[in-house]
1. Go through (1) free of Cβ contacts under 8 Å to residues at least 60 places away in the same chain; (2) in a loop (DSSP other than H, G, I, E, B); (3) closer than 17 Å to Arg165 by Cα; (4) small (Gly, Ala, Ser) one by one and return the number of the condition Ser78 breaks.
2. Can you tell me which residues in the range 124-171 are touching a Ser or Thr at 6+ places or on another chain (Cβ under 7 Å) and among the charged types (D, E, K, R)?
3. Please work out which one of (1) more than 30 Å from Arg99 (Cα to Cα); (2) open to solvent by 40 Å² or more (accessible area, probe 1.4 Å) is the condition Gly10 fails and give its number.
Amino acid sequence: MERPIAEKAGLGWIGKHSLLLDKEAGSWFFLGELFIDLPLPTDSPVDNECGKCRACITSCPTGAILENGVIDARRCISYLTIEYKGVIPLEFREAMGNRIYGCDDCQLVCPWNRHAEISRQQDFQRRASFADTNLAVLLSWDESTFLKNMEGSAIRRIGHEQWQRNIIIAMGNAPFSQNYIEKLQQIQGKSELLDSHIEWALQKQMGQVPMKLDTSIHTKNQRLIRIVKKGLPRDA
C-alpha cells in the first residue's frame, strides 16, 4: 500500500521488482507515513527510469518476478524464508542456496543501487553474534540463545524453529561437511517440520561423501578387499 502512495507523492518509481526506486538511494530506504490534518503542497510523480533493464528479473533465483512489478510471492525466497511457516517445496530448496533470512538479489543487481550510500546507523551493521557464521554454530543455538542474539532484529520474528529450518536447507546446499551431518542427525526427531528438511539435507550431504568417508558398507567392502589381497587369513 505504501509504495503506490509514495510513487504518487513523487518519492520515486516502482521498479520491475515491485520496490520503490530513487535515483540517489536506489531501493535501500524505508518508507514512513505521517497522518496529519494540515494542508500541504502536492508533488508530482517522477518518471519510471528502469527502461529496458531486466537485471532483477533475470537474476531472481526462483523466477519469482513474473512481469513488470508483479511478484509471485509463492516463489520468492524472502517470502519463503520469512513469512512462510510450512515445509519449503522441493523445487525451491536448491535455489535458496545459503539464504537463511530473505534474499534481496533483485536489489543487489539493480543499477540504481550501485551508488547508494551504506547506512551509518549501528542497528543496520553486522552484529557481534554473527562473528562466526558457520552453519553448524548457528544451528546449535537453542531458542533462548536465538531470542537473545536477535533482540531488536526483524529476524527474531520468524521464530527459532523456522530459523533452524532455513539453516538446515542451507546445510543441504553446502559442500560436504561431516560436522554438518552430525549436527543434522543430532536434532532429528525434534519436530516434524524440521525432520522433513533434515532428511533432504542429509541426502544432499551424503551425495557428496568422499570415498574415504563413505558409508559403513563401503568401509566393510574395503576391509574385505584388503583381506582378500593378503591371502584370506583365519578371521576373514
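The values are calculated or read from the model by the stated rules, or taken from the named source; none is laboratory data. Keep in mind that what you see is a predicted model, and the values were worked out from it rather than measured. Cβ placement follows ideal geometry from the backbone for every residue including glycine, while neighbour counts extend to all protein chains displayed. Remember, those area values only see protein heavy atoms, side chains included, never the ligands or the DNA or RNA. Shrake-Rupley method; radii C 1.70, N 1.55, O 1.52, S 1.80 Å.
1. The single condition Ser78 does not satisfy is (2).
2. Step one: list which residues in the range 124-171 are touching a Ser or Thr at 6+ places or on another chain (Cβ under 7 Å), which gives 149, 161, 166.
Result: Glu161, single match.
3. (2)
Matching residues to (1) part of a loop (DSSP other than H, G, I, E, B); (2) open to solvent by less than 50 Å² (accessible area, probe 1.4 Å); (3) touching a Phe, Trp or Tyr at 6+ places or on another chain (Cβ under 8 Å); (4) without any contact (Cβ under 8 Å) to a residue 12 or more places away in the chain:
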| site | (1), (2), (3), (4) |
| --- | --- |
| Asp37 | yes, no, no, yes |
| Thr58 | no, no, no, yes |
| Thr62 | yes, yes, yes, no |
| Ile88 | yes, yes, no, no |
| Glu94 | no, no, no, no |
| Asn98 | yes, no, no, no |
| Gly102 | yes, yes, no, no |
